[in-house]
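Structure record follows, encoded as C-alpha cells.
The values are calculated or read from the model by the stated rules, or taken from the named source; none is laboratory data. Note that the structure is predicted; figures quoted are calculated from it, not measured. Here Cβ is always computed from backbone atoms with ideal geometry, including for glycine, and neighbour counts include all displayed protein chains. Quick note on the areas: whole protein, heavy atoms, side chains included, nothing else; ligands and nucleic acids left out. Shrake-Rupley method; radii C 1.70, N 1.55, O 1.52, S 1.80 Å.
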Amino acid sequence: SDTYATGISLITHQYQRDLPQAKSINYSKGIWLLPAIAAAGADDVLYYFNNQLLECPRSNVFVVTNKQEVLTPADGILLGVTRQHVLDISQPLFTTRETNITMAELQHASEVFITSTTKGIMPVTQIDGKMVGNGQVGSITQQLMQELASFQKACM
C-alpha cells in the first residue's frame, strides 16, 4: 500500500534518549519496542517524556492544530535536517512554531506527520489505535509534501 496516501500508525512510549541533541546509533530502545509496535499493528513508535511530545527513533514529528498551526517539539530532540527544511517551507504558508507540545495537544491534533531524510514527510493517520483528525492524510500535510518535493527537486 502507498503509505504516503494512507498514512502510517504510531504507538506512543515514555522515553527520552540520553543525548537527544546528538545523532547517535543507539536505537536499542526502538529495537526493544519492535514487538510492541508489531503487536499494535503500528509502523513506528513516538516518544514522549514528562507529558511532552518528543520524536520517533529516526524521525521528527509535527502536529497540525485545529487552528491550522504547524508545531514541532523544540526541546529534547535531534534537530533533523528535513525538520528544518519543513520549518522553512511551512513558515511562509502557515503559523509555524517550535514549541513544547503536550500529549493532550497531540491527541487533539487535526493532522500529524513525521519527517526524516529517507521518508521526507510521512503522514500519520493513527496514534495508539485512535484516528488522527478524520483518519485521512490532511490538506496541510499534503501541501507541505508537495512543497518539500519541489524544494528537493530544485536542490538537485
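For the list (1) of a type in the set (G, A, S); (2) open to solvent by less than 20 Å² (accessible area, probe 1.4 Å); (3) on the phi > 0 side of the Ramachandran plot, I need the number of the one condition that G133 fails.
(2)
Which residue is surrounded by the most Cβ atoms within 10 Å (Cβ to Cβ), if the candidates are limited to region 83-109 and must be touching a helix residue (DSSP H, G or I) at 6+ places or on another chain (Cβ under 8 Å) and among the polar types (S, T, N, Q)?
Only one residue fits best here, namely S90.
For region 41-53, what are the residues that are within 11 Å of the chain's Cα centre (by Cα) and either open to solvent by less than 10 Å² (accessible area, probe 1.4 Å) or of a type in the set (F, W, Y) (or both)?
Within region 41-53, V45, L46, Y47, L53 meet the criteria.
Which condition breaks for T115 when tested against (1) more than 23 Å from D18 (Cβ to Cβ); (2) without any contact (Cβ under 8 Å) to a residue 60 or more places away in the chain; (3) buried (at least 22 other Cβ atoms within 10 Å of the Cβ)?
Of everything listed in (1) more than 23 Å from D18 (Cβ to Cβ); (2) without any contact (Cβ under 8 Å) to a residue 60 or more places away in the chain; (3) buried (at least 22 other Cβ atoms within 10 Å of the Cβ), T115 misses just condition (1).
Conditions (1) closer than 20 Å to E69 by Cβ; (2) charged (D, E, K, R), marked per residue:
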site: H85; (1), (2): yes, no
site: Q91; (1), (2): yes, no
site: R97; (1), (2): yes, yes
site: T118; (1), (2): no, no
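Scan A5, A38 and give me the residue that is under 19 Å from I127 (Cα atoms), out of contact with any strand residue (DSSP E or B) (no Cβ under 9 Å at 6 or more places or on another chain) and open to solvent by less than 80 Å² (accessible area, probe 1.4 Å).
Criteria check complete, one pass: A38.
Of all residues in region 61-82, which are open to solvent by less than 80 Å² (accessible area, probe 1.4 Å) and within 20 Å of I127 (Cα to Cα)?
Across region 61-82, the qualifying residues are V61, F62, V63, V64, T65, E69, V70, L71, T72, P73, I77.
Residues being more than 15 Å from K130 (Cα to Cα) and of a type in the set (S, T, N, Q): count how many of those fall in region 100-114.
Of the residues in region 100-114, 2 are more than 15 Å from K130 (Cα to Cα) and of a type in the set (S, T, N, Q).
Can you tell which of E105, E69, E98 is farther than 18 Å from G138 by Cα, out of contact with any Leu (no Cβ under 6 Å at 6 or more places or on another chain) and in contact (Cβ under 8 Å) with a residue 24 or more places away in the chain?
From the options E105, E69, E98, the qualifying one is E98.
If a residue must be in a strand (DSSP E or B), farther than 18 Å from N60 by Cβ and in contact (Cβ under 8 Å) with a residue 40 or more places away in the chain, how many such residues does region 121-144 contain? Outline the logic, then answer.
Step one: list which residues in region 121-144 are in a strand (DSSP E or B), which gives 121-127, 130-131.
Going one step further and asking which of them are farther than 18 Å from N60 by Cβ, we end up with 126, 130-131.
Of the ones still in play, those that are also in contact (Cβ under 8 Å) with a residue 40 or more places away in the chain are 126.
Within region 121-144, residues that are in a strand (DSSP E or B), farther than 18 Å from N60 by Cβ and in contact (Cβ under 8 Å) with a residue 40 or more places away in the chain number 1.
Does E147 satisfy being in a helix (DSSP H, G or I), out of contact with any strand residue (DSSP E or B) (no Cβ under 6 Å at 6 or more places or on another chain) and farther than 22 Å from F49 by Cβ?
Judged against the criteria, E147 is a match.
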